[in-house]
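Here the structure is laid out as structure tokens; the discussion comes afterwards.
The values are calculated or read from the model by the stated rules, or taken from the named source; none is laboratory data. None of the values given here were measured: they were computed from a predicted structure. Reconstructed Cβ throughout: ideal geometry from the backbone, glycine too, with neighbour counts over all protein chains shown. Note: accessible area is taken over every heavy atom of the protein model, side chains too, but ligands, DNA and RNA are not part of it. Shrake-Rupley method; radii C 1.70, N 1.55, O 1.52, S 1.80 Å.
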Amino acid sequence: MCGIFGVFNAQHAERYAFYGIYALQHRGQESVGIAVSDYESIKVVKKPGLVLEAIRKEDLQNMFGYLAIAHVRYSTAGDSGGVNSQPIVRETSLGVCAVVHNGNLVNYLPLRAELEAKDVKLFHTSDTELFLALLEEGEFLPENIDIHPIDRELLPKIFYVLSRVKGAYSLIYLFKDRLVAIRDPMGFRPLLMGRLKDTILFASESCAFDILGGELWREVKPGEVIVVDQQGIRSYFPFRSERRAMCVFELVYFSKPESFVFDNWVYRARKRMGELLAYEDQVQADVVVPVPDSGVVPAIGYSQAKGLPLELGLIRNHYVGRSFIEPTQELRDIKVLMKLSPNRAVLEDKRVVVIDDSLVRGTTSKKIVSMLRRAGAREVHMRIASPPVIGPCYYGIDTPTRDELIANRMSVEDIRKFIGADSLKYLSLESLRSVVESPQDFCDACFSNHYPLEVEGTALRMR
Ligand code: AMP
């Protein structure tokens with residue numbers, strides 16, 4: 001998963017990009033990058049690690065501009081090493097161009113093979129580079145599209161790219177003098193537009209506008225191509241799809257609770273998931289305990305709907321940075337204990353309902369249940385504010401392979417035994433669907449196995 005940000009018409013656009021992408025840090029912790037243009041040239045900085053640690057004052061002092069894009073990466077496809085960190089930059093016939101992308105293409109491998117057969121040089125192993133390489137491969141003008149004279153050189157090339165790629169892409173191109181923001185026709189990933197006086201902003205989530213004191217303007221619509229330059233803002237719809245496939249997992253887990261995405265306040269949707277979980281649940285308990293941070297909002301909904309007190313029975317350590325992957329199970333267990341500690345003052349002798357947003361491999365829940373018991377909980381009832389995850393994501397969320405998904409291998413009762421809880425209940429798929437106004441416009445393949453778009457060739461997955 002990744003976060004993307006764009007800014008047009010700002011003194012020190014590189015600094016706006018820095019703060020904007022910082023607000024999207026939860027969408028990717030592996031690497032960060034910023035590209036900025038002063039209308040003459042494009043400068044880029046890309047580093048592994050977290051935004052605040054990776055980007056130094058000197059990095060920003062060495063770049064200045066009026067328009068910029070930025071990216072945080074959480075690798076889903078391609079090499080996780082530095083080679084694929086974004087923005088990716090390429091010399092094109094339209095001049096130097098940089099691009100940032102959130103989502104996964106489903107036809108990456110056949111497209112890449114086609115380009116390589118034509119001897120097109122590719123320097124990366126991620127799908128994002130194709131958005132640049134394909135700019136040189138052709139032009140396409142859909143019928144009934146009225147192109148503004150200023151865009152006549154640019155758009156047929158971009159429309160050609162969009163006619164070839166399939167899958168999930170929220171994307172921002174940076175040229176020396178303009179930004180082009182694009183969302184795929186099915187709208188898998190969010191992309192929003194904001195403004196701050198005369199400055200135009202784009203971001204994966206609205207929380208990036210808040211940090212800058214900007215305001216949310218509107219969503220970039222599925223299938224929309226927005227060009228922003230000194231002449232103004234122009235919107236085009238070259239390709240439309242009857243089917244929408246907005247990612248419901250953004251509402252369940254990925255987006256920050258204060259964000260607005262897919263026409264929904266994430267907080268409201270997530271709280272509703274907790275309320276519905278409570279309505280479906282007959283358990284008798286003394287206290288509701290969220291798994292921080294992801295379980296907090298559904299736990300508020302659950303506790304209010306049940307009339308049970310919400311208490312902080314698990315406390316999060318805020319000083320844990322990135323945890324590296326430990327080589328043994330014992331060390332991996334310690335890693336979870338580093339992040340969360342049990343609060344005996346709340347738990348001792350209590351019947352506890354513990355709430356998390358999702359259960360994927362089941363390893364986190366198993367450790368949490370034993371942690372709660374060791375701290376004196378009399379009963380532990382695990383509640384998950386989304387349905388069992390049964391399908392991997394091919395559209396940009398980093399979920400494990402099908403075999404690693406515990407709900408694919410075990411019944412709910414066997415999962416309960418595995419995690420060691422007294423009872424286990426998930427939110428039903430019908431209830432999850434009822435949280436949004438038009439569930440048919442969402443992709444819930446990870447919960448339903450109904451995939452809105454087939455993968456062509458082998459799916460490119462990191463893990
Ligand atoms: P586990 O069941 O041990 O795989 O862990 C599930 C927990 O990981 C959930 O509580 C979520 O908060 C979190 N989670 C779910 N999906 C993801 C994801 N794609 N990347 C990182 N964490 C996730």
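Please arrange R234, R164, R243 by accessible surface area, largest first, computed with a 1.4 Å probe and ligands excluded.
Largest to smallest exposure gives the sequence R243, R164, R234.
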Taking R0 as 41 Å, what's the FRET efficiency between Q304 and Y19 from their Cβ-Cβ distance, rounded to 0.05?
-> 0.75
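What is the sum of charges around P452, taking Lys and Arg as +1, Asp and Glu as -1, for the other residues whose C-beta is under 12 Å from the C-beta of P452? Please report the intermediate quantities before stating the final value.
Details: positive: K166, R243, R244; negative: D184, E242, D441, D444, E454.
Computed value for this residue: -2.
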Accessible area (Å², per residue) of segment 249-448, counting only protein heavy atoms and a probe of 1.4 Å | 45 Å²
Summed side-chain charge close to Y253 - residues other than Y253 whose Cβ falls under 12 Å, Lys, Arg +1, Asp, Glu -1 | -2
Taking the Cα centre of segment 249-448 as origin and charging only Cβ (+1 Lys, Arg; -1 Asp, Glu), how large is the dipole, in debye to the nearest 20?
-> 580 debye
Please give the FRET efficiency for D403 paired with E280, using the beta carbon to beta carbon distance and R0 = 30 Å, rounded to the nearest 0.05.
-> 0.55
Anything over 22 Å Cα to Cα? Flag those among K350/K425; K306/K335; K47/K121; K47/K335; K271/K339, in the order listed.
-> K306/K335; K47/K121; K47/K335; K271/K339
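Starting with the highest mean, order 187-199, 4-16 by the number of other Cβ atoms within 10 Å, averaged over the residues of each peptide.
Values: 187-199: 21.5, 4-16: 24.7.
Final packing ranking: 4-16, 187-199.
Segment 209-252: which GluC sites (Glu not before Pro) are DSSP loop and have at most 13 other beta-carbon atoms within 10 angstrom?
E242
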Where the centre of each part is set by its Cα atoms, how far does segment 374-392 sit from segment 262-280, in angstrom?
-> 17 Å
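Can you tally the net charge around V106? Count Lys and Arg as +1, Asp and Glu as -1, for every other residue whose Cβ sits under 10 Å from the Cβ of V106. Working shown, then result.
Values: positive: K166; negative: D127, E454, E456.
Here the charged neighbours net out to -2.
Over segment 3-242, what percent of the accessible surface lies on carbon and sulfur atoms, probe 1.4 Å? Write down the numbers at each step before the final one.
Details: 4220 of 8920 Å².
Answer for segment 3-242: carbon and sulfur cover 47 percent of the accessible area.
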Which of the peptides 85-92, 296-303 is most tightly packed, and how do the rest follow, going by the mean number of other Cβ atoms within 10 Å of each residue?
-> 296-303, 85-92
Within segment 380-395, what residues put their amide N at less than 16 Å from the label point 7 Å along the Cα-to-Cβ vector of L312?
-> none
First measure r as the distance between the Cβ atoms of D177 and N343, then evaluate 1/(1 + (r/R0)^6) with R0 = 60 Å and state the FRET efficiency to the nearest 0.05.
-> 0.60
Suppose every K and R has +1 on its Cβ and every D and E has -1 on its Cβ; what is the size of the dipole of the chain about the Cα centre, in Debye to the nearest 20?
-> 1160 debye
